[in-house]
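These notes concern the structure reproduced below.
The values are calculated or read from the model by the stated rules, or taken from the named source; none is laboratory data. Please read these numbers as outputs of a predicted model, since none were measured by experiment. Ideal geometry is used to build each Cβ from the backbone, glycine not excepted, and the neighbour counts take in all protein chains shown.
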Amino acid sequence: MPTKLIVAAAVILTLAGAVHLGAQAPAARQLPRGAAAQVAAAGPSDGPRFSAAGMLQRPDDYREWNFVTTGLGMTYGPTQPAAGDPRFFDNVFVNRASYREFLKTGQWPDKTMFVLEIRSSEAKVSIDNGGQTQGSRIIAIEAAVKDVNRFKETGGWGYFDFGGGTELKAEMPALPKSATCYACHQANTAVENTFVQFYPTLFDVARRMGTVKPTYDPNHKVGQP
Ligand code: HEC
């Protein structure tokens, strides 16, 4: 009977659909949203990914890149923070392929990407009596990308601000060249546009390879004559 057959086929199709969805559901739940989904589909990221519109995608897995350094409570200008103000940690990561290249040459290859993660600090957590440890709160995530064609106008480097807290953006365009990042990173850095003077093992590499900029002056302070 044709009607029975159609009903049977529909039941089978529905069941098949349910099984398929059942199999997919756990994986789908783990998938990050939006741009990060592309990263997940292609395996761990290692370097900058731009959308067709030129927006830099915030990598979810930058903590699987190379760790470079941690600074605590760094301030650069002439004004000092008020006593008792919380001191933030900043953690610097760079994509693995560029890190390996830097170890060989003391220079950053094109398509190098850095992530600067600024985190809250906490005191007296668990068994700690006197130090400071990193909290779960992300104050900000910023990034720098070397791409000599894309960022021709700003010396080959672009700077990005993904915001912080619960407002982290999935993708951002480069900050305009009037942003303070460009001038400070051009004027005060030891290697190219990067603060390798604060990255102890990489600074050794740069000194050995002779790639420290002749303009780098360890005694210079920002905002002082
Ligand atoms: C007054 C100087 C100054 C300004 C302005 C500044 N930075 Fe930095 N930046 C630093 C210093 C110093 C470090 C090294 C941090 C450390 O050692 O932990 C750094 C490190 C970084 C890094 C890690 C890679 C590197 O270049 O060494 C990124 C990414 C970064 N900054 C992004 C930004 C962005 C984006 C802006 C603008 C919104 C910005 N910075 C503005 C001084 C500055």
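In region 198-225, the residues that are over 19 Å from residue 99 (Cα atoms) form Cβ pairs under 9 Å with partners that are loosely packed, with under 10 Cβ neighbours inside 10 Å and at pLDDT below 95, at six or more places apart or across chains, as follows: 221/78; 222/78; 223/78; 223/79; 224/78.
Out of curiosity, is residue 163 closer than 23 Å to residue 88 by Cα, exposed (fewer than 11 other Cβ atoms within 10 Å of the Cβ) and either near the ligand (Cβ under 9 Å from one of its atoms) or under 16 Å from the mean Cα position of the chain (by Cα) (or both)? For residue 163, the condition - closer than 23 Å to residue 88 by Cα, exposed (fewer than 11 other Cβ atoms within 10 Å of the Cβ) and either near the ligand (Cβ under 9 Å from one of its atoms) or under 16 Å from the mean Cα position of the chain (by Cα) (or both) - is not met. From the list 153, 122, 142, the one residue that fits, being in contact (Cβ under 8 Å) with a residue 12 or more places away in the chain, buried (at least 18 other Cβ atoms within 10 Å of the Cβ) and of a type outside the set (A, V, I, L, M, F, W, C), is 142.
Filtering region 78-90 to residues that are surrounded by 12 or more Cβ atoms within 10 Å (Cβ to Cβ) and either over 23 Å from residue 136 (Cβ atoms) or in contact (Cβ under 8 Å) with a residue 40 or more places away in the chain (or both) leaves 87, 88, 89.
Working only within region 122-153, note down all residues that are under 20 Å from the mean Cα position of the chain (by Cα) and either more than 12 Å from the ligand (Cβ to nearest atom) or not in a strand (DSSP E or B) (or both). Break it down into steps so the answer makes sense when it comes.
Just the residues of region 122-153 that are under 20 Å from the mean Cα position of the chain (by Cα), to begin with: 134-148, 150-151.
Result: 134, 135, 136, 137, 138, 139, 147, 148, 150, 151.
Checked against (1) under 20 Å from residue 56 (Cβ atoms); (2) crowded, with 17+ Cβ neighbours inside 10 Å, residue 191 passes all but a single condition, namely (1).
Annotation: residue 75 fulfils all but one of (1) within 12 Å of the ligand (Cβ to nearest atom); (2) in contact (Cβ under 8 Å) with a residue 24 or more places away in the chain; the unmet one is (2). Assess whether residue 166 counts as being closer than 15 Å to residue 117 by Cα and part of a helix (DSSP H, G or I). Against the criterion (closer than 15 Å to residue 117 by Cα and part of a helix (DSSP H, G or I)), residue 166 qualifies.
Could you tell me whether any residue of region 171-186 is away from the ligand (no atom under 12 Å from the Cβ), under 15 Å from residue 143 (Cα atoms) and not in a strand (DSSP E or B)? Lay out the reasoning, then the answer.
Of region 171-186, the ones away from the ligand (no atom under 12 Å from the Cβ) are 171, 173.
Then keep just the ones that are under 15 Å from residue 143 (Cα atoms); that gives 171, 173.
Pick out the ones that are also not in a strand (DSSP E or B) and you get 173.
Yes - at least one qualifying residue is present in region 171-186.
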